[in-house]
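Following: one structure in structure tokens, then a few remarks.
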Amino acid sequence: MIEQTAKVVSIKQGYAWVLPAVSKDCASCQAMQPASAQTAKSCATAGLFNFFRPNTEKLYAANPVHAKPGDEVVIGMQANTLLMYSAFAYLLPLLSMILFALLGKEVFIALSLHADAGAILAGVCGLWGGLHLSAWQAARIARSDNSQPVILRLKEQAIMPLQISSP
């Protein structure tokens, strides 16, 4: 199970809209730590990392723990679901492009036409078809109950130890 921290935005009939937490630092050095704000300005990676930071979108997750709006929770998703999404997003379009390019080359050779043009044309068509097929298949998977994110538990709050000072 893949887990992510999120904040509950709203709830509705056993489900919740959650906003996944996004890390504000790249964790590659100490420059991005809050204590060293001056050093963060000089970090070469910081500007690039902030530019490519993805926009977060709300997720619709099952709420078996009855979390309330404002609660910080841990959401989870089955790892095989993420693997299937990745395969459909990357592998299926790539394989269909290669297969169509090979077939297009052979068809254009059989028609006594330029083989490279056939490979390019058929490859682009295969890529387009593979992207649409993967989008259709991903939407089909998304409708199943096993692929939906679920709120696993409330996020644990760290308790600071009481410091007793001696006189």
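Of everything in segment 105-128 that is small (G, A, S) and closer than 20 Å to P93 by Cα, the residue that is surrounded by the fewest Cβ atoms within 10 Å (Cβ to Cβ) is A117.
Residues checked against (1) in a helix (DSSP H, G or I); (2) within 26 Å of the chain's Cα centre (by Cα); (3) among the basic types (K, R); (4) at pLDDT below 85:
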position	(1), (2), (3), (4)
A119	yes, no, no, no
C125	yes, no, no, no
W128	yes, yes, no, no
L133	yes, yes, no, no
I141	yes, yes, no, yes
P161	no, no, no, yes
P167	no, no, no, yes
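In this structure, L99 does not satisfy being modelled with pLDDT of 60 or more, in contact with a Leu (Cβ under 9 Å, 6 or more places away or on another chain) and surrounded by 12 or more Cβ atoms within 10 Å (Cβ to Cβ). When segment 85-134 is filtered for residues that are touching a residue at least 40 places away in the same chain (Cβ under 8 Å) and of a type outside the set (S, T, N, Q), the ones remaining, listed by number, are Y85, F88, A89, L92, P93, L133.
Residues checked against (1) within 27 Å of L152 (Cβ to Cβ); (2) at pLDDT below 75; (3) surrounded by 11 or more Cβ atoms within 10 Å (Cβ to Cβ):
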position: I11; (1), (2), (3): yes, no, yes
position: A27; (1), (2), (3): yes, yes, no
position: Q38; (1), (2), (3): no, yes, no
position: E57; (1), (2), (3): yes, no, no
position: H66; (1), (2), (3): yes, no, yes
position: G70; (1), (2), (3): yes, no, no
position: L82; (1), (2), (3): yes, no, yes
position: A89; (1), (2), (3): yes, no, yes
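The values are calculated or read from the model by the stated rules, or taken from the named source; none is laboratory data. Predicted model only: the values in this text are computed from it and were never measured. Virtual Cβ from ideal backbone geometry, glycine too; neighbours counted across all protein chains shown.
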